[in-house]
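Step one of this worksheet: look at the structure below.
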Amino acid sequence: MRLVNSLRDVLRYLAVRITDEQQIIANLVTADSEQWLGQTLLQLARTMDNKDPRSIRIELKMSHEQLSKMIGTTRPRISVFLQKFRNLGTD
């Protein structure tokens, strides 16, 4: 019985990973840099599971340069996108 439960857990884990990877591939094909950054930040927040009652926070310190390499755009564009995200939160 323990083996069946372990196999079920492994299959569940693999199904989640495959779904995540498929979403990443779909985003790479269809999303622009700003959308890709937003989705990447949300995924990081979900993965890190740091929930604040008012927001989801990413406690990991990352530079704009690191984010630009993850997204495949320039550092100045990351700065513009992050400022736009900040402005959306203050309206």
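The values are calculated or read from the model by the stated rules, or taken from the named source; none is laboratory data. The structure presented is a predicted model; accordingly, all values stated were derived computationally and were not measured. Positions of Cβ are backbone-derived with ideal geometry, glycine not excepted, and every protein chain shown enters the neighbour counts.
Key figures for this structure:
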| item | result |
| --- | --- |
| Matching entry among 15, 26, 45 (being farther than 25 Å from residue 75 by Cβ, at pLDDT below 85 and surrounded by 10 or more Cβ atoms within 10 Å (Cβ to Cβ)) | 26 |
| Given (1) under 15 Å from the mean Cα position of the chain (by Cα); (2) at negative phi, index of the condition residue 75 fails | (1) |
| Top-ranked residue in the stretch 29-42 [being modelled with pLDDT under 80 and among the hydrophobic types (A, V, I, L, M, F, W, C); ranked as farthest from the chain's Cα centre (by Cα)] | 29 |
